[in-house]
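The next block holds one structure in the form of structure tokens; read it before the comments.
The values are calculated or read from the model by the stated rules, or taken from the named source; none is laboratory data. On a predicted model such as this, the values are computed, not experimentally measured, just so you know. No Cβ is skipped: glycine too gets one built from the backbone with ideal geometry, and neighbour counts run over all protein chains shown. Keep in mind that these areas ignore ligands, DNA and RNA; they rest on the heavy atoms of the full protein, side chains included. Shrake-Rupley method; radii C 1.70, N 1.55, O 1.52, S 1.80 Å.
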Amino acid sequence: MSARRYRIQRLRPSDYDELLSVWKRAGLPARPRGRDSRPEMARQVGLGTSIYLKAVLREDGRERMVAVVLGTHDGRKGWINRLAVLPGHRRRGLGTLLVRELERRFRRLGPDIVCGLVETYNQESMAFFAKMGYVRHEDIIYYSKRRSERT
Ligand SMILES: CC(C)(COP(=O)(O)OP(=O)(O)OC[C@H]1O[C@@H](n2cnc3c(N)ncnc32)[C@H](O)[C@@H]1OP(=O)(O)O)[C@@H](O)C(=O)NCCC(=O)NCCS
């Protein structure tokens, strides 16, 4: 099946349960008591700095989510977060479709640089970003500060 069978739409607060299911089935961790909680996601989806997209497949008269990406822009850079494609739908260009759409929307908003963080174990994701033309930086260490372990 080609990527043309899929449609890209904005994520809505009502997609919450399906979103968590896609992340889980794609093997991505979520923080349902922290920044991925239902109220927190509903807040984030409505922000002008969020471009949260889903890919849906229409089958038997209903649509289901098969991939997702959370795009955020801070006015300076665009960020690709939590990209996930369901295992049965990989290598069909869906990740490419979502990231290209995100890049297009970032361009309209201003940032000329788009970035993503990849954990060192994640070879698939590294191969994906390399194929998408992203430059790998070996000289950067990620720092964060959390108000709680749940965030
Ligand atoms: C990484 C991921 C999003 C890629 O999604 P996808 O829809 O399969 O990607 P695409 O079909 O658009 O792949 C584009 C290109 O990326 C590269 N690529 C993608 N997955 C790859 C893999 N497992 N191994 C090697 N190269 C891969 C290939 O060059 C591919 O082109 P090709 O199929 O013509 O060879 C998907 O594997 C996934 O959801 N992984 C689990 C969640 C995750 O790790 N997310 C990233 C968090 S940073």
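Please enumerate the residues belonging to the range 38-59 that are under 15 Å from Gly71 (Cα atoms) and assigned to a strand (DSSP E or B).
Ser50, Ile51, Tyr52, Leu53, Lys54, Ala55
So, in the range 9-48, of the ones that are open to solvent by 50 Å² or more (accessible area, probe 1.4 Å) and farther than 20 Å from Thr151 by Cα, which residue ends up modelled with the lowest pLDDT?
Gly48
Quick check, is Arg146 open to solvent by 30 Å² or more (accessible area, probe 1.4 Å), closer than 25 Å to Arg43 by Cβ and in a loop (DSSP other than H, G, I, E, B)?
Yes.
For the range 87-97, give me each residue that is touching a residue at least 24 places away in the same chain (Cβ under 8 Å), over 13 Å from the mean Cα position of the chain (by Cα) and assigned to a helix (DSSP H, G or I).
Once the filter is applied, which keeps residues that are touching a residue at least 24 places away in the same chain (Cβ under 8 Å), over 13 Å from the mean Cα position of the chain (by Cα) and assigned to a helix (DSSP H, G or I), the range 87-97 yields Pro87, His89.
What are the residues in the range 60-75 that are under 18 Å from the mean Cα position of the chain (by Cα), assigned to a strand (DSSP E or B) and not polar (S, T, N, Q), if any?
Scanning the range 60-75 gives Arg64, Met65, Val66, Ala67, Val68, Val69, Leu70, Gly71, His73.
Read through the list (1) within 25 Å of Asp15 (Cβ to Cβ); (2) within 15 Å of the ligand (Cβ to nearest atom); (3) open to solvent by 20 Å² or more (accessible area, probe 1.4 Å), then give the number of the only condition that Arg136 fails.
(1)
Just give me the residues in the range 98-133 being in a loop (DSSP other than H, G, I, E, B), within 14 Å of the ligand (Cβ to nearest atom) and either over 18 Å from Lys77 (Cβ atoms) or acidic (Asp, Glu) (or both), in sequence order.
Scanning the range 98-133 gives Glu119, Thr120, Tyr121, Asn122.
Out of the residues in the range 63-89 meeting the condition of being more than 24 Å from Pro111 (Cα to Cα) and open to solvent by 10 Å² or more (accessible area, probe 1.4 Å), tell me which one is nearest to the ligand (Cβ to nearest atom).
Val85
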